[in-house]
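> Pasting a structure here, questions to come.
Values quoted throughout were computed directly from the atomic coordinates according to the rules given, and no laboratory measurement underlies them. On a predicted model such as this, the values are computed, not experimentally measured, just so you know. Methodologically, a virtual Cβ is constructed for each residue, glycine included, from the backbone with ideal geometry; neighbour enumeration extends over all protein chains shown.
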Amino acid sequence: MNSCPSVEVKLEAIIKAARSILKKQTFADSARAIFDQCRQLTGATSGYVALLSDDGHENEVLFLEAGGMACSVDPELDMPIRGLRAIAYENHCTVYENDFMHCQWVQYLPKGHVSMRNVMFAPLNLEGKTVGIMGLANKPSDFTQQDADIATVFGELAAIALANSRYLELLNEKTAGLERALSEVRTLSGLLPICAHCKKVRDDDNKGLWTKLESYLSSRTDTRFSHGLCPDCVGELYPDYADAVIKGKSSTDEP
C-alpha cells in the first residue's frame, strides 16, 4: 500500500470498516475486519487486537497476524501492560517507534518473538477509558504521523464495534428474559382443569396427569410456596384454638 494513500482510498477503507460493525456477528470478527483495513492503509504487515483484562493488568489477544513470519512464542503467554503499550494505555493516544529493536522497549519482547522493525499502538477508547489496543508492526518503511492519525480513526471504529457488541449482548439477554416471561404467561393462560374437591390440576403437557397446584405452578414459574392456614380453616380444623385466638384479640381491643 502506498505510504500516502489518497483521500478516496482512506474514505473507502473507513466505510468498509464501519460497515463491518453492522455486518459481523461478533466483536472479534468486526475487529479483524477493521484491523485489516487499517493494516493495508498504513502498510503494516503484522499486528493484533487485544482487550484489557478485567484486572486491568494484561492484554487479552483476540487474534494475531504474524505477517507470514515464524513466531515460536507461546500464544497463551501473558501480555502485560508495559513498555510502549503502557504509554498508549496511559495517554489514550496512538504511539509508535520506528527503531524498535534498538529502543528501550525491546527488553520486553519474549524469547522467540519475531523481529520488530517498527511498532505502533492505537488505543480503543470508550467513555474516557482505554479498554483495548490495536497493535501494528513491521511496515517496510517508517511509520509516520499520518499513519498514527489513520490508526487512531480505526481504533475509534474498533471501540464503537466493541460498544455495539456489548449493547447487543445486553439486548439479547433482555430479549431472552422477556421470551421466558412470555412463555410463562402463555403456559398459564387459558382454561386450567382443576379438581373441585382436592384442587389438583390436570397437566396436559405431562400426559394428562393430575398434580398438586403448587407443583404445577412451581414447574412453570418462579413462584415458591410457604404453607399456612387461613382463619376459616383454622376455625374448621382447630375450633378450640380459633376461639382462644378470637378471645385473645377481643380482650386487647380498646373500647
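> How are the alpha carbon pair distances in the chain distributed across 5 Å bins from zero to the largest one, expressed in percent?
P(r) over the chain, rounded to whole percents: 1, 5, 10, 12, 12, 9, 6, 4, 4, 4, 4, 5, 5, 5, 5, 4, 3, 2, 1, 0.
> Hey, what did the chain get for relative contact order, percent, Cα under 8 Å, at least 6 apart?
15
> Right, here's the next one. Points 7 angstrom from Cα along the Cβ direction at Leu237 and Arg180: gap in nanometres?
Here the answer is 3.3 nm between the modelled labels.
> Using a 7 Å offset from the Cα along the Cα-to-Cβ direction at both His57 and Glu156, what is the distance between the two label points in nm, to one decimal?
My value for the distance between the label points is 3.4 nm.
> Can you sort Ile34, Ile160 by how many other beta carbons sit within 10 Å, fewest first?
On the way: Ile34 30, Ile160 17.
In order of increasing Cβ crowding within 10 Å: Ile160, Ile34.
> Would you count, across the stretch 7-167, every pair of lysines whose alpha carbons are under 25 angstrom apart, provided the pair is eight or more residues apart or spans two chains? Intermediate values should be presented prior to the final figure.
Working: Lys10/Lys23; Lys10/Lys24; Lys10/Lys139; Lys16/Lys24; Lys16/Lys139; Lys24/Lys129; Lys111/Lys139.
Total qualifying Lys-Lys pairs in the stretch 7-167 comes to 7.
> Oh, and also: Measuring from centroid to centroid over Cα atoms, what is the spacing of the stretch 219-237 and the stretch 91-166 in Å?
Using only Cα atoms to place each centre, the spacing works out to 65 Å.
> So for the pair Leu170, His102, with labels modelled 7 Å out along Cα→Cβ, what separation do we get in nm?
5.0
> Still on this model: Sum up the charges of everything whose Cβ sits under 15 Å from the Cβ of Met69, counting Lys and Arg as +1 and Asp and Glu as -1, but leave Met69 out. Mind dumping the intermediate values first?
On the way: positive: Arg39, Arg117, Lys139; negative: Glu65.
Around Met69, the surrounding residues sum to +2.
> Would you list Met134, Met79, Met101 from fewest to most Cβ contacts within 10 Å?
Values: Met134 27, Met79 18, Met101 12.
The order, fewest Cβ neighbours first, is Met101, Met79, Met134.
> Report, by chain and number, residues whose modeled amide H sits under 5 Å from the one on Leu124, excluding near sequence neighbours (fewer than 5 apart, same chain).
Residues meeting the criterion, in which the H sits 1.01 Å from N, are Val131, Gly132, Ile133, Met134.
> Right, here's the next one. Enter the angle in degrees (range 0 to 90, nearest 10) between the Cα long axis of helix 7-23 and the first principal axis of the Cα atoms of the chain, meaning the one along which they spread out most.
20
> Which order do Trp210, Trp105 fall in if you start with the one that has the fewest other Cβ atoms within 10 Å? Before the final figure, lay out each step's value.
Working: Trp210 14, Trp105 17.
Listed from fewest to most nearby Cβ atoms, that is Trp210, Trp105.
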